[in-house]
Structure formats: C-alpha cells, structure tokens
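See below for the structure under consideration.
Read the figures in this text as sums done on the coordinates, not as results from a lab. Predicted, not measured: the structure shown is a model, and the values here were computed from it. We place every Cβ from the backbone using ideal geometry, glycine too, and count neighbours over all the protein chains shown.
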Amino acid sequence: MNVYTIGFTEKSAKTFFTLLRKNGVRRVLDVRLNNISQLAGFAKKNDLIYFLKELSNADYIHVPELTPTKLILDAYKKKEITWSIYEEKFTNLMAQRSIENTIDKNLLDDGCLLCSEHLPHHCHRKIVVDYLNKHWNMALKVTHLVS
C-alpha cells in the first residue's frame, strides 16, 4: 500500500499540487490540529478542498484522530518537552485512541497525510505512519513528498 506525507510550508502551490498529482495521490488526509489558519495560505481547509479537486483530482478528509492534542503540541513548540518526549506522548495518545482499529486502511491507500512541517523528521505525520506500519499486518510503502 502506497502512503504519502507532505507538509505545505516551504512549497509553492505549484510544487505542492504537482507533487500530489505526479505521485497519484487520491486523497489528502489532513492531520493538522488547526486547518483553517490564515498562515496556511493555499492549504486552508476550504481553499484546499477546491484546489485538490481542480488541480489534482484528489479528495480532502480531515482526520482529527491523527492529530496531537493542543497540550502536547504546545509543550513541544514552547520547548517544554523534547522531540523524544513529544513522540512518546503522541504515540501513547494514538494507542489510547486505538487508531490501528478505527482508521480505515483504505483511506491511506494512495492517500497523503498533510501537515505544516516541511520535512517529516520532526513532524507527527511520520509518527503516525510509523505507528500504523508497526500495528497493521501489512507493509505501508511510505514516501515523504518534500520537493
């Protein structure tokens, strides 16, 4: 199963939508806590729904079960916790939510997890796909779309 991840920062709209289209992404799974921020530009929820359909023929689905809590995210952003503690807390949250049992596997097939971070290394979208890869009895072929 092909699964993609992408962050919208440090990408032009042209680069963003071209990456999705060239890789055959059929749906974008928005895993942002705040998907309507003015800072999101072309990636604000309502605009993104339109652009995805028109430019990439892809669907949009907001999946809040795959977002960290505001408390966990704020603690990391304010440097009150390290990346490894953030990763541990978010992994525990996904286990509590039992996402491996509640997320439809078909959503991820040619789906792309969207967040704001340009690179996946310190982004929760990577933690999500790593967690699901560990808990599902199938191999996810993960491609991080960065440029």
Short version: ³J(HN,Hα) in whole Hz for each residue of the stretch 41-53, in order, from phi by Karplus 6.51 cos²θ - 1.76 cosθ + 1.60 (θ = phi - 60°), x for Gly and Pro, what are they?
x, 5, 9, 5, 2, 5, 5, 4, 4, 5, 4, 4, 5
Karplus couplings for the stretch 71-77 from phi (6.51 cos²θ - 1.76 cosθ + 1.60, θ = phi - 60°), rounded to Hz, Gly and Pro as x?
4, 5, 5, 4, 4, 5, 4
How do Tyr50, Tyr4, Tyr131 line up, fewest other C-beta atoms within 10 Å first?
Tyr50, Tyr131, Tyr4
So what are the ³J(HN,Hα) numbers for the stretch 80-95, from phi and the Karplus equation (6.51, -1.76, 1.60; θ = phi - 60°), rounded to whole Hz, Gly and Pro as x?
7, 9, 7, 4, 5, 6, 4, 4, 5, 5, 5, 4, 4, 5, 5, 5
Just to compare against my own numbers: the Cα pair-distance distribution for the chain, 5 Å bins, whole % per bin, please.
2, 10, 20, 24, 21, 14, 8, 1, 0
Efficiency of FRET from Cβ geometry, Lys134 and Asn57, R₀ 22 Å, rounded to 0.05:
0.10
Determine which lysines satisfy two conditions relative to Lys11: a Cα distance under 21 Å, and not lying fewer than 8 residues away in the same chain.
Lys22, Lys44, Lys45, Lys53, Lys126
Order of Ser84, Ser56 - criterion: other Cβ atoms within 10 Å of each residue's Cβ, fewest first:
Ser84, Ser56
Dividing the helical contributions, -39500 (n - 2.57) per DSSP H run of n ≥ 4, by the residues of the chain yields a 222 nm value, nearest 500 deg cm²/dmol, of -11500 deg cm²/dmol
Check each of the GluC sites (Glu not before Pro) in the stretch 20-93 and keep only those in coil by DSSP with at most 11 other C-beta atoms within 10 angstrom; list them in order.
Glu80
A correct Stokes-Einstein calculation for the stretch 18-57, using the alpha-carbon Kirkwood radius, 20 °C and 1.002 mPa s, returns a whole-number D in µm² s⁻¹ of 201 µm²/s
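For the stretch 52-111, count the residues as N, evaluate 2.2 N^0.38 Å, and divide the Cα radius of gyration by that value, please.
Ratio of Rg to 2.2 N^0.38 Å for the stretch 52-111: 1.41.
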